[in-house]
Structures are given as C-alpha cells and as structure tokens.
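Have a look at the structure below, then the notes.
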Amino acid sequence: MSDQQPGFDTLAIHAGAKPDPATGARATPIYQTTSFVFDDAQHAADLFALRAFGNIYTRIMNPTQAVLEEKVAALEGGTAALATASGHSAQLIICHSLMMPGDEIVCARQLYGGSINAFNHSFKSFGWNVVWADIDDISSFEKAITPKTKAIFIESIANPGGRVTDMDAIAAVAKKAHVPLIVDNTLASPYLCRPIEHGANIVVESLTKFLGGHGNSMGGIIVDGGNFDWGKNKGQFPMLSEPNASYNGVTMYETFGNIAFAITCRVLGLRDLGPAISPFNAFQILTGMETLSLRMQRHCDNALKVAEWLSKDPRVSWVSYAALPGDKDHDNQKKYAPKGAGAVFTFGLKGGYNAGVGTVSKVELLSHLANVGDTRSLIIHPASTTHSQLTPEQLEKAGAGPDVVRLSVGIEDVADIIADLDQAMS
Amino acid sequence: MNHDTYDAAYIRKILEDVRTIAIVGASSNEARPSFFVTKYLIDKGYKVFPLNPGMAGREICGRKVYASLSDVPEAIDMVDIFRNSAVAASFVDQALTLQPVPKVIWMQLTVRHDEAAERAEAAGVRVVMNRCPKIEYGKLSGEWGWVGGNSGVISSKKQSLHGSGKMQSLGIVKQ
C-alpha cells in the first residue's frame, strides 16, 4: 500500500491479515493445531532461545491468534499485543510481568466487579496488594503511590456505571511516579477511545465484548504501548530489565526494545501460566472485528436513544450515561470518546432492589445475563449478580447500588428495545 | 534526511539491495541481541562478517571474526553498528574510508549519531539509525506478526516463503 497512513476501518479489516503464505487463503485460516514442526534441531533451538521468529506450541503462539494480535495492536496504536483466553487472564499476566510479592497496584474504585474481586482477593494470594483510588478525586491516585507501586489500573469507560475517566490527569500521575498506566478499554473499544494517545502504557481488553461483538467467544488482549522505559530504575521491573534465567540470561527490554512488555507477557507469563486463546475463538473474534466501527456506532446511537427515553420516564430516578447533556462525565466523554459513550450504562429504578429484580425477570427481547458487548441487548441487576460479592459501601462506590439496573444496548431496532423495557418496568 | 521515521519502501530497498553485511560489535554470547541479529541475517541468506577485536580469528555462527572493517576481505554492502552512539561516529568514519564505500550504514536500536550520518549521506551512503535489521526484515516479511508485533504493513499480496525452503521462514517480496 502507498505510504498514506491507513484509516481505522481499513486497519480493522486488513491489519495483520495478509493472504496466507502457504495457500493464498484470503480469510485468515483457523490453524487448529497444538504444535508446529521444526525445520531441524538448530531451528528448534533458535525458537526456544527466542533467537528466531516462529511457532512452537499453541500455548505460546498460533498463526490465527497472531493475526488477531497484530490487528488489535494496530487499532489501539500499540507496538505489539498478546491475546489470551479471557480478559481476566490478560490482567493476571500483566500483573505477573510487573509485580513481585509485596508490590502494590493502585486501582480506580470504578472498575468492573469481577476485576475488583480479582484485585481484592485472588491477587492477594500472590502477594500483590491493591490500593484503591477514586476517579472523582485525582489526588487520591497520587496519594496512593508508594515505593512499592508497580502500576496504576483504570478503565477508560467504567463498568457498570459508564463513567468516563480523566485519563490525561491520571497518566500525568503515573508518569511522575514512573509507573506504567494500564487502561482497561473493554467498554470503549479502540473505535471510541485510544488510551495510548492519552498516556496509557498498557491497554487490556476483554475481546469477549465489543471486539468479538457477537457474544460467542471468550478472549482477552494485552496491548504494549511501546512507550515505557522499563530500565530507567534498576530493579524496578526485574522480569523486563534483568537477565532471565529461564532463557539463558536474555534481557527482555534490551533484546526486544519497544515490544519487550508484550514479549515478556508471552514468553514468561503465557508460557508458564497457560491461559492461551483457542484458534477458533481467535477466528471468531477476528470476524467480529471487521465490523467493529459499524456495530459500535449503532450501539452508541441506540444507547443514547434508550438513555434519553429512560431519563424522561417517571419510574426512573436517574440515568448515568455520559453522552447525555448534563451528565457529570459529559465533558470527559466529549474529550475521550467523542463518537459516543458506548453501549453500557446504568439507571436507577424508584422501586429499588425489588423493581430491579422484577424488571430483569420480565424482559422478553432483552436477555438477562452477565455479559456486555453483544449484538443483542442485555440487562442485569448488578447488586444481585455480578457485584453481589461486594459490601454495600463497595457497591455504592462501584456504581452498583440496590436500585441499579445495567444495560448493554444491542444493535436491534431501537423502538423494539424501548418497547420491551417499557413492558418489563411495568 | 529525516531520521525519526523511515518509509517502509526505503527500508525494503536497503534490505533487497545489500548482500554482504559487516556487524560491528558482534557477540559470541548467545543471549546477546547482537548474536540474535547475526544469526538471523545469516539464516536469511546474507553474507555476514562479524567484527570483534577480542575475537579476531575465531568464529561466531560459523563465520570468521575480523578485528576491523579494513580486515574484511570482500566489499561490504552494509555496516551494522552494535556500539553505543558516542563511538558510532568513529565506525562511520572508518566505513567511509573503505573502497568501495559501503552502500548502507545501519545503527542499531538506541544508536544514533546525526553528524556522522550527515557525513555518510554526503558521501552517497544511505543511513538508518535507531532500528534493528532483524525487526525491519520481520515487519516486511510478516514474521514480526508471529510474535504479535504491529508491522504497520497492509497488503493484499500473499506473504512469501523464504527461498531457503524452510517451513517457518518468510522472505521479503520484491515489489
């Protein structure tokens, strides 16, 4: 192609996806194989020592997965990416690459409930300690930083409340402390927001949601921004900046430069922890990604109409959707996600907990389930499901109080979505 | 010319044009990046001359090691410098005294010396700085994507298996 920089929609279709070298197949083939034959003993040795590019074993890499990785890296504006079995496993591998027992990570309170659980409970058993901060008080991030802090973790658009985070301000805190800023971009997708352009060093996403888009395949991704100096402070990130004993003394940052984080996650994290994405899932997600722009804009357009309708309904006490004029995040939305505020948002029912449970029980078109980012419209009552492990105080902080209903507005005819909500709320 | 970014076509032409490459600062330590690059360029069919005064007369990857550029017995198409920016200039100046003058002077990732680059370009030598030929070859061939790397290359042309006939080896397609 000419030296003109390709646009987003061109990248969504073509990035990483050249015709297959062996067969000329135009669509990306599903390489449903566990392993790959070596040319000879020297080739095998070179691959195992990271001296050659190539495929060894699908727990570490796979050609179908590789197309997915390059495509997401291109859409996010990163240098490289690593796909994993799920968004949660992507988070695990990121933390494994950055943190040693006793280290700390500063996280926004406004996170997906599953992430709050992981940081509060599971990650503690690795000795990784979370310190919570609040996106409504940027100074809380600065105050939470200690010499043990290894990263800051936020969501671009927070689940479930649809809150839009002031990334530039938090990136400045991370830069001052010389710790990487990790942004979970699941609810925005790179179509709405590209966190690396706002100072993120690592982007993590659940591919299960809008990138795959059809609610049929699990996947996660880690995108390396290629914009962090892992060697600046000696000993700060030993897995990246010190010679690695399991690779005969190779130093990741020195050897792999601006893709060192993605490589570390692959050859030390994925290799040893094992949550590989299946080639079939990678294929399904790739197919979904080709229509990301079309779907995402329709999601946003439908969501805005549903939010406007709800905000005028007497049964509804409040609507938290950043695209609504007057919403407290409306300015941030116009800055960070100007094409739309996404499909996921919450609203409050005057009838409280019982009205929430009643609504999700009566829907007929919307599906009552624990996912977001499907073509189908989805509904859930977080306090009784995804966020039920949290304390009342945590529920409020996470935007998941007892009266809260979360929607993931699909791409059906919006009149039908509104009609179903109307009857279910009755 | 501007050395902050390079067009893919400029890099492609260089990697297509050169056949002999002298690697200044080649290492026999198999964990070092300079060893990785030496090995990779040999595997891609380039005739590589490793340079390392401390190892002169011995071998790296089966190739005889020379002490300096002037010791290399053949015309050098490309000098690849694996030394820090401060001393890179002296190797550029040595390269410019060779007959014939090399077509290309390449400085590895983190290595950049703009004044030396200007002298080389004045002598008609193409210059690349702060890049790695292994990475650039991988981006153009498609191998970079195998490790999740963003190559920046968009193409509807089939990727090309390398002429060596190895199964897991892609080559640069002439365009």
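The values are calculated or read from the model by the stated rules, or taken from the named source; none is laboratory data. Keep in mind the model is a prediction, meaning the values are calculated, not measured. Cβ: placed from backbone, ideal geometry, glycine included. Neighbour counts: every protein chain shown.
I'd like to know if segment B:81-90 contains one or more residues that are in a loop (DSSP other than H, G, I, E, B), of a type in the set (D, E, K, R) and in contact (Cβ under 8 Å) with a residue 60 or more places away in the chain.
No: zero hits.
Which residue is farthest from the other protein chains (Cβ to nearest Cβ), if the candidates are limited to segment B:104-153 and must be among the aliphatic types (A, V, I, L, M) and in a helix (DSSP H, G or I)?
B:ALA122
Scan A:LEU395, A:LEU349, A:LEU369 and give me the residue that is surrounded by fewer than 17 Cβ atoms within 10 Å (Cβ to Cβ), assigned by TED's automatic domain parsing to the domain that holds A:LEU304 and of a type in the set (A, V, I, L, M, F, W, C).
Only one candidate qualifies: A:LEU369.
Residue under question is B:ARG32, and the condition is that it be more than 21 Å from A:ARG51 (Cβ to Cβ), within 13 Å of another protein chain (Cβ to nearest Cβ), surrounded by 17 or more Cβ atoms within 10 Å (Cβ to Cβ) and of a type outside the set (Phe, Trp, Tyr); does it hold?
Spelling it out, it is not the case that B:ARG32 is more than 21 Å from A:ARG51 (Cβ to Cβ), within 13 Å of another protein chain (Cβ to nearest Cβ), surrounded by 17 or more Cβ atoms within 10 Å (Cβ to Cβ) and of a type outside the set (Phe, Trp, Tyr).
Please work out which residue is nearest to A:ASN216 (Cα to Cα), limiting yourself to segment A:368-415 and to residues that are acidic (Asp, Glu) and in contact (Cβ under 8 Å) with a residue 12 or more places away in the chain.
A:ASP374
Restricting to segment A:248-264, name every residue that is more than 7 Å from every other protein chain (Cβ to nearest Cβ) and part of a helix (DSSP H, G or I).
Answer for segment A:248-264, where residues must be more than 7 Å from every other protein chain (Cβ to nearest Cβ) and part of a helix (DSSP H, G or I): A:MET252, A:TYR253, A:PHE256, A:ASN258, A:ALA260, A:PHE261, A:THR264.
Take segment B:1-41 and flag every residue that is in a helix (DSSP H, G or I) and more than 11 Å from the chain's Cα centre (by Cα).
Within segment B:1-41, B:ALA8, B:ALA9, B:TYR10, B:ARG12, B:LYS13, B:GLU16, B:ASP17, B:PRO33, B:PHE35, B:PHE36, B:LYS39 meet the criteria.
Being crowded, with 21+ Cβ neighbours inside 10 Å and outside any helix (DSSP H, G or I) is the filter here; which residues of segment A:86-108 pass it?
A:MET99, A:ILE105, A:VAL106, A:CYS107, A:ALA108
Determine, yes or no, whether A:ILE285 is surrounded by 21 or more Cβ atoms within 10 Å (Cβ to Cβ) and assigned to a helix (DSSP H, G or I).
Yes; evaluated as a whole, the condition is true for this residue.
When segment A:78-91 is examined, which residues are found to be aliphatic (A, V, I, L, M) and more than 9 Å from chain B (Cβ to nearest Cβ)?
A:ALA85, A:ALA90 - these are the residues of segment A:78-91 that are aliphatic (A, V, I, L, M) and more than 9 Å from chain B (Cβ to nearest Cβ).
Tally the residues that are more than 20 Å from A:ALA177 (Cα to Cα) and either of a type in the set (Phe, Trp, Tyr) or touching a residue at least 12 places away in the same chain (Cβ under 8 Å) (or both), restricting the search to segment A:123-155.
Residues meeting the conditions: 3.
Looking only at residues in segment B:154-175 that are more than 7 Å from chain A (Cβ to nearest Cβ), within 20 Å of A:ALA41 (Cα to Cα) and in contact with a helix residue (DSSP H, G or I) (Cβ under 8 Å, 6 or more places away or on another chain), which one is surrounded by the most Cβ atoms within 10 Å (Cβ to Cβ)?
Top of the filtered list is B:SER169.
Within segment B:42-70, work out how many residues are under 12 Å from the mean Cα position of the chain (by Cα), assigned to a strand (DSSP E or B) and either buried (at least 17 other Cβ atoms within 10 Å of the Cβ) or within 13 Å of chain A (Cβ to nearest Cβ) (or both).
Result for segment B:42-70: 3.
Considering only segment B:19-70, how many residues are of a type in the set (D, E, K, R) and touching a Lys or Arg at 6+ places or on another chain (Cβ under 7 Å)?
Matching residues across segment B:19-70 total 3.
Looking at B:ALA123 and the list (1) crowded, with 18+ Cβ neighbours inside 10 Å; (2) without any contact (Cβ under 8 Å) to a residue 40 or more places away in the chain, which single condition is not satisfied?
Failing condition for B:ALA123: (1).
Tell me, which residue of segment A:330-357 that is in contact (Cβ under 8 Å) with a residue 60 or more places away in the chain and over 22 Å from the mean Cα position of the chain (by Cα) is farthest from A:SER320 (Cα to Cα)?
A:ALA355
Restricting attention to segment A:180-218, and to residues there that are over 10 Å from the mean Cα position of the chain (by Cα) and at positive phi, which single residue is modelled with the lowest pLDDT?
Going through the qualifying residues, I end up with A:GLY215.
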